[in-house]
Amino acid sequence: MDEVSTTALGMARVRAAESERPDGLFDDPWAARFCAAAPDQVPGGERTPLSMSFAFHAIIRTRFYDDYLLTAGCRQVVLLAAGLDSRAYRLDWPAGVSLYELDLPKVLAFKESVLADAEPRCTRAVVPADFRTDWAKALQDNGFRPQEPTAWLAEGLLIYLTPQDADRLLTTVTTLSAQSSRIAFERGDRSYQDQATNSPSMQRYSALWKGGLDRPASQWLTDHGWRPTEHDLGPVAASYGRPLRKEASSGFVTASRGASR
């Protein structure tokens, strides 16, 4: 896998460690298998304050998006840059859900090799795609139906895109979204990005960051016909029994298209 994709193994390491906790916020039994399949490419588990904050955010993010997807009320789910996400296998999906995983061909090939003997809990389609090309056609060629409501997830993706590419991606998503569709992604935290850029322990990640949206997420969504709701990291973490030790400005945004839910 390339360097961008290797960062997915870093997230898998974080999810594997969380899954071992007796009070874990989720159970991802495949995370450890991904790491074991490519041990030389798994980023180290440095325990600097910044890297621990990054891992904490990833853990809360995972659980938050788990809850978002299961309560979105959409039978069509699209994971943009799915990476080593195993939600198709570990979440208790309602009947009739079709889940589409999009990512680079090398990432998906590695993932399929590890999950070869696993059974998804929903109808799952794997869509090799490059978000700089016509990924919408590839998605529809695999059975996606733009006339039906969709729950979209862009977990940890936008920061790796330039402002122009992030805008283009979300514009395409909007075009493909029927009324009552949902979307979720991270709300940008410029101060954290600046700290990470100057931290040796975070350079594997921050060296690949390209900024993402060049305006507040809620503003972009509102301007494009979505109804956004912001979720600060602190209250979300506290609701899961993991209160922050110090205040943070990061968080998430979810939005609905058309009639609010």
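Things worth noting here:
- Candidates in the range 134-173 are the residues that are aliphatic (A, V, I, L, M) and assigned to a loop (DSSP other than H, G, I, E, B); of these, the one that is nearest to GLY96 (Cα to Cα) is LEU157.
Let's see how each residue does on (1) modelled with pLDDT under 95; (2) surrounded by fewer than 18 Cβ atoms within 10 Å (Cβ to Cβ); (3) more than 18 Å from ASP28 (Cα to Cα):
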position	(1), (2), (3)
GLU46	yes, yes, yes
ARG63	no, no, no
CYS74	no, no, yes
ARG87	no, no, no
ARG90	no, no, no
GLU119	no, yes, no
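- Some residue of the range 189-204 being closer than 25 Å to LEU233 by Cβ, surrounded by 14 or more Cβ atoms within 10 Å (Cβ to Cβ), of a type in the set (Asp, Glu) and modelled with pLDDT under 95: yes
- Residues of the range 19-75 classified as closer than 30 Å to ALA178 by Cα and in contact with a Cys (Cβ under 8 Å, 6 or more places away or on another chain), total: 0
- Failed condition for PRO146, given (1) free of Cβ contacts under 8 Å to residues at least 40 places away in the same chain; (2) farther than 26 Å from SER218 by Cα; (3) not hydroxyl-bearing (Ser, Thr, Tyr): (2)
- Residues (part of a loop (DSSP other than H, G, I, E, B) and within 17 Å of the chain's Cα centre (by Cα)) located in the range 210-261: LYS210, GLY211, GLY212, LEU213, SER250
- Residue count, the range 139-163 (criterion: at pLDDT 95 or above and either hydroxyl-bearing (Ser, Thr, Tyr) or over 17 Å from the mean Cα position of the chain (by Cα) (or both)): 12
- Condition met for SER51 (closer than 30 Å to GLU247 by Cα, more than 17 Å from the chain's Cα centre (by Cα) and either surrounded by fewer than 16 Cβ atoms within 10 Å (Cβ to Cβ) or modelled with pLDDT of 90 or more (or both)): no
- In the range 87-114, the residues that are among the polar types (S, T, N, Q) form Cβ pairs under 8 Å with partners that are in a helix (DSSP H, G or I), at six or more places apart or across chains, as follows: SER113/ALA37.
- Considering the range 70-95, and only residues there that are assigned to a helix (DSSP H, G or I) and more than 11 Å from the chain's Cα centre (by Cα), the residue that is farthest from ALA109 (Cα to Cα) turns out to be THR71.
- Of all residue pairs spaced 6 or more apart or on separate chains, those with beta-carbon atoms under 9 Å, a first member in the range 7-23 that is under 24 Å from ILE159 (Cα atoms) and without any contact (Cβ under 8 Å) to a residue 60 or more places away in the chain and a second member that is part of a helix (DSSP H, G or I) and of a type in the set (S, T, N, Q) are VAL14/THR62; ARG15/THR62; GLU18/THR62.
The values are calculated or read from the model by the stated rules, or taken from the named source; none is laboratory data. These numbers come from a predicted model, not from an experiment. Backbone-built Cβ (ideal geometry, glycine too); neighbour counts: all protein chains shown.
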